[in-house]
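Single-structure report; data block below.
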């Protein structure tokens, strides 16, 4: 007799303002099973997670948990039945300690009226031991690294006797080493009978840990099979209906005069003796583990981090980059790693986000803005970068991650930079948007821009870049020709 699944969804449907987000979605999750929920941004994954969490109510269908059917859940019922969601922002209390965050929900559920710090610490210590991690119990969560915050969120979920843990893009901000640690914890949860619904755009991780893959496209389940029956190409096709190949920039002229030269660049405690040149049409990759200095280098090149020594030349002329305005004047653009807090005005329209660096070009002698001109330029960039949006006046927060990233790119490209620094250009975007952004990078190189790509995605660096600079402890320690190494070997060199 086949064991009944832990969770079963039957014909779940949901629409918003006439848009069908989910249409007859059905699949099951067994106890101790790790299931990947795969799909592009906008496919319906987030809506499905909210229905399981009880935040949204379906228009039709039902959820069955351990044999009991529910036409709709609410958050209390969902938690009581063992469903826990770990969102991308973790929803932790930054001013509370690790122990307090882990025990908070369990303390509320228990009805204790007085705080017993020994009880709280004992519970937190037990749960951290269960997932085999060691984090100081008295440390404030705001002081922790992203990976440790995630572990606190997992321990908190277990405090409420979680039977199903839903992880929404859990590896977006993690280094490769931290990713492997997280996958090991997922395997421990599985061995303990805890099911995991794993949502990730990083498809290679899916095959490492998931035993079943459910693919959603346009609100429909298009595939529900064991992971062994997929490969990277077939999974990408099921998610998008398209076949992908890495778009590679054409060869550049290595004898051309550099557009960017960096010599002896240094800052105490951050960078030391940084030397490299970037030529027109070249895509230069920078690889390094967290703390290697790669983001500090990007910020130095954009005038965000003052240097103690060295010089920077653009088209052979020495430039002083004391601020981003200096960098912009020198023809340098920078797409930051965190587009939500550093790259976009989320409540503002797409048009305003694109135009914010170009207001002078559209202002008359009395300071009046040519709004028609601004809107026309924004619409042109939406078309050129294939941004999926109803119009240029919708707030940028309404877009998917991939489309938000294209808006950031549009802002800088509208200013016609000579050099573009892309820090994590495809972080948090789906596979279709990722392929499109790779195509944009190749097109920029074709137009003879110099492009610097900083990324944790090693296949991305290997496939997109003409050269890769390896950074460790604030120094460039190695230069590797693009395409001459595989991801496993590059990862080994970064970790050695």
Exercise. Can you give the translational diffusion coefficient of segment 173-304 in µm²/s, computed by Stokes-Einstein from the Kirkwood radius over Cα pairs at 10 °C and 1.306 mPa s?
Worked result: 83
For this session: State the Cα centre-to-centre distance between segment 388-441 and segment 287-339 in whole Å.
Result: 21
For this session: Please work out how much length the chain gains when fully extended from residue 251 to residue 143, using 0.36 nm per residue of separation minus the C-alpha to C-alpha distance, in nm with one decimal.
Result: 34.4 nm
Exercise. Extension gain residue 386-residue 91, at 0.36 nm per residue separation less the Cα-Cα distance, in nm?
Worked result: 102.9 nm
Seminar exercise, completed: Whole-Å distance linking the alpha carbon centroid of segment 106-169 with that of segment 461-496 is 37
For this session: Note the angle between two axes, namely the Cα long axis of helix 117-130 and the longest principal axis of the Cα atoms of the chain, as a number of degrees from 0 to 90, rounded to the nearest 10.
Result: 80
Problem set entry | For segment 7-240, the spread of Cα positions along each principal axis, largest first, Å | 50, 38, 31
Seminar exercise, completed: If R0 = 60 Å, then residue 311 and residue 160, at their Cβ-Cβ distance, give a FRET efficiency to the nearest 0.05 of 0.60
For this session: Figure the gain on full extension for residue 479 and residue 347 (residue separation times 0.36 nm, minus the Cα-Cα span) and round it to one decimal in nm.
Result: 43.4 nm
Exercise. In degrees, nearest 10, range 0 to 90: what is the angle between the Cα axis of helix 431-446 and the longest Cα principal axis of the chain?
Worked result: 10
Exercise. Using Cα atoms only, what is the angle between the long axis of helix 176-191 and the major principal axis of the chain, expressed in degrees (0 to 90) to the nearest 10?
Worked result: 10
Seminar exercise, completed: With -39,500 (n - 2.57) per DSSP H segment of 4 or more residues and division by the full residue count of the chain, the 222 nm estimate, nearest 500 deg cm²/dmol, is -10000 deg cm²/dmol
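Every read-out reported here was derived from the displayed coordinates using simple, explicitly stated rules and does not represent laboratory data. These figures come from a predicted structure and were not determined experimentally. Reconstructed Cβ throughout: ideal geometry from the backbone, glycine too, with neighbour counts over all protein chains shown.
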